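What follows is a set of notes on a single structure, which appears directly below.
The values are calculated or read from the model by the stated rules, or taken from the named source; none is laboratory data. Bear in mind the structure is a predicted one, so any value in this text is a computation, not a measurement. Here Cβ is always computed from backbone atoms with ideal geometry, including for glycine, and neighbour counts include all displayed protein chains. For accessibility, only protein heavy atoms count, side chains too; no ligands or nucleic acids. Shrake-Rupley method; radii C 1.70, N 1.55, O 1.52, S 1.80 Å.
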Amino acid sequence: FYYFIRLCLEKILLQGVQSRSLSGADAINALRPFYFAVHPDFFGQHPKEREVNENSLKRLNGYLENLQKPGFRSFKPTPLTFYVREREPNSSNVQESFSASGFRAVSFTLHTRDLLSTVLDILNSCSLSTEHIQSLNVDSQPHKEAESTVNRPIKWDKTYYSFTGFKDPEEELEQAQRVETTLISWLDDNEASAVNKLKNSLPLRKELERLKFELSRQLQLSDIRWHRSWGVAHRCSQLHSLGRLVQQRPEVLKNVKGRTVVFTDRSGMSAAGHIMLGTMDVHHHWTKIFERLPNYYKLQKRLLLLEDRISQLLGGIQVIYIEELQPLLTLEEYYETLDSFYDKLRDSRLPFHPRSLRGLQMILESDRYAPSLHEFGHFTIPTVCDPATLQWFIFARAQEARENLKRKEEMMITERELIDTSTKRFSLDRLYKEPSVSSAQMIDCCKRLLEESLPYLQGMHLCISHFYTVLQDGDLCIPWNWK
């Protein structure tokens, strides 16, 4: 009886606020400025920021999908972090900081229960205008009023929940905000979902391994990789496309022996010498890339010669390119960067003693203005760096760089040992980390995991990341600094 009355009253009151609700399509339109400001495709030369935005968008899309499910009531506060292209400082009280690349990092937590309030919350958190929402026939009242009216059209007395046994959503939300997520509690809540998704993905995972092995053997490739965190089904589809091209035009793939193929956002050859196949390109574009490989190989030889010349001018320091830490550049883009830097060094005639810096390493970046020394021992040198400043900085930090390089080797060994030990200890099928997680963070995470008893992890795929989530194929993502 009480349940029937509740449904009737909710239906009546919901009709009264219908004019202020948003459909899924309206929500997407309202969020267009936000998507433009944070979309990963606009962060091609900033891999860390692109990865954070890509992962946060996945969680946001899942939150929006849940809001549109009929009768969905179980909401958990969802913390999100985005790097915003806008550079102006934000005067709001949202937690934010600026990355090394100059982008604004915005962190906020979603706990709204309808699309309108969620859209307003996102836009306000990122200091984006909400005026365009008026064009969607929505009464854009202040966010606070919208949240109080739309989120809970009926405010039931506490005795209603005591009598009927229904859960009080306000009480659940307050409790969730008070209790910090812990690894054990999160695994308790998500183990079943992850096991089910992993079980469903196993046939596709086997198919992916089969396709990868057959294509690598047939083309005599060194490796096949993916630059983005696509799902297993998506990866299988990409390998099927490559397989069809092999059948249709086998003659164009005769020059790929010993190379690595990377599926990414653009086609060409990368600065690291890998063959890039853009996932949005058709076979015609891929065919053109394979036909141009002999020219790419010639340019690569010229690039290696240019790196040697720069090294000679800088006392024997080695110029390297690190995929995980640098922007994804084509071979042509990287060659132009090196050529411009070489011309500047040659004209400045810096007095470096031959081989005085042998054993040290440096990378070039075009979006920085001051040189720095990475914790792994390599110098990060801006292409616009003044030669005199460059000379002073390298001389002053050379000994520290050598110590960091030695520490890096020790750290990499420790990291591999801890990954192997943790995999065996918890009977994991796979343990890996996202590129944005450093070796020091991975070591700390594994050491603390080994102190716990975690039977939930048996046979699972565990990814060390910066947040909690279950990926579409059943991989468990946990933050490296879990509690």
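Restricting to helices (runs of 4 or more DSSP H) lying wholly in the stretch 1-119: which have 3 or more residues that are acidic (Asp, Glu), open to solvent by less than 40 Å² (accessible area, probe 1.4 Å) and modelled with pLDDT of 75 or more?
Numbers: elements: 2-16, 24-30, 32-38, 47-67.
Output list reads 47-67.
Starting from the stretch 319-346, take each residue that is among the small types (Gly, Ala, Ser) and list its partners that are crowded, with 18+ Cβ neighbours inside 10 Å, counting only C-beta distances under 7 angstrom and pairs at least six apart or across chains.
none
If residue 394 passes every condition in (1) open to solvent by less than 50 Å² (accessible area, probe 1.4 Å); (2) without any contact (Cβ under 8 Å) to a residue 60 or more places away in the chain but one, which one does it miss?
Here residue 394 clears every test but (2).
Can you pull out the residues in the stretch 337-372 that are closer than 22 Å to residue 272 by Cβ, open to solvent by less than 60 Å² (accessible area, probe 1.4 Å) and not aromatic (Phe, Trp, Tyr)? Break it down into steps so the answer makes sense when it comes.
Let us first name the residues in the stretch 337-372 that are closer than 22 Å to residue 272 by Cβ, namely 337-342, 359-368, 372.
Checking which are open to solvent by less than 60 Å² (accessible area, probe 1.4 Å) leaves us with 337-339, 341-342, 359-365, 367, 372.
337, 338, 339, 359, 360, 361, 362, 363, 364, 365, 367, 372, listed by residue number.
So for the stretch 283-302 (the condition being part of a strand (DSSP E or B) and either modelled with pLDDT of 90 or more or of a type in the set (Ser, Thr, Tyr) (or both)), does at least one residue qualify? Full working, then the answer.
Of the stretch 283-302, the ones part of a strand (DSSP E or B) are none.
No: zero hits.
In this structure, does residue 384 turn out to be β-branched (Val, Ile, Thr), farther than 20 Å from residue 337 by Cα and part of a loop (DSSP other than H, G, I, E, B)?
Values: β-branched (Val, Ile, Thr): yes; farther than 20 Å from residue 337 by Cα: no; part of a loop (DSSP other than H, G, I, E, B): yes.
The answer is no for residue 384.
Quick test for you: out of 414, 389, pick the one residue that is assigned to a helix (DSSP H, G or I) and at pLDDT 95 or above.
On the way: 389 fails: at pLDDT 95 or above.
Exactly one residue qualifies, and that residue is 414.
Filter the stretch 241-256 down to the residues that are in contact with a helix residue (DSSP H, G or I) (Cβ under 7 Å, 6 or more places away or on another chain) and open to solvent by 40 Å² or more (accessible area, probe 1.4 Å) and list them by number.
249, 255
Of all residues in the stretch 272-288, which are open to solvent by 10 Å² or more (accessible area, probe 1.4 Å) and within 14 Å of residue 330 (Cα to Cα)?
272, 274 - these are the residues of the stretch 272-288 that are open to solvent by 10 Å² or more (accessible area, probe 1.4 Å) and within 14 Å of residue 330 (Cα to Cα).
Of all residues in the stretch 446-483, which are aromatic (Phe, Trp, Tyr) and open to solvent by 30 Å² or more (accessible area, probe 1.4 Å)? Don't jump to the end; show me each part of the working.
The initial filter retains those residues of the stretch 446-483 that are aromatic (Phe, Trp, Tyr), namely 456, 467-468, 480, 482.
Hits for the stretch 446-483 are 456, 467, 468, 480.
For residue 443, indicate whether it is free of Cβ contacts under 8 Å to residues at least 40 places away in the same chain, among the β-branched types (Val, Ile, Thr) and open to solvent by less than 30 Å² (accessible area, probe 1.4 Å).
Details: free of Cβ contacts under 8 Å to residues at least 40 places away in the same chain: yes; among the β-branched types (Val, Ile, Thr): yes; open to solvent by less than 30 Å² (accessible area, probe 1.4 Å): yes.
So residue 443 passes the test.
Can you tell me which residue is least open to solvent (accessible area, probe 1.4 Å) among those in the stretch 191-224 that are of a type in the set (Gly, Ala, Ser) and closer than 16 Å to residue 257 by Cβ? First the steps, then the outcome.
Quick first cut of the stretch 191-224, residues of a type in the set (Gly, Ala, Ser) only: 192-194, 201, 216, 222.
Now restrict to residues that are closer than 16 Å to residue 257 by Cβ: 216, 222.
Numbers: 216: 26, 222: 80 Å².
Filtering the stretch 191-224 for residues that are of a type in the set (Gly, Ala, Ser) and closer than 16 Å to residue 257 by Cβ, the one least open to solvent (accessible area, probe 1.4 Å) comes out as 216.
Do we find a residue being in contact with a His (Cβ under 9 Å, 6 or more places away or on another chain) and either more than 19 Å from residue 79 (Cβ to Cβ) or surrounded by 15 or more Cβ atoms within 10 Å (Cβ to Cβ) (or both) anywhere in the stretch 411-428?
yes
Of all residues in the stretch 308-336, which are open to solvent by less than 30 Å² (accessible area, probe 1.4 Å) and either in a helix (DSSP H, G or I) or more than 30 Å from residue 51 (Cα to Cα) (or both)?
Hits for the stretch 308-336 are 310, 311, 314, 315, 316, 317, 331, 334.
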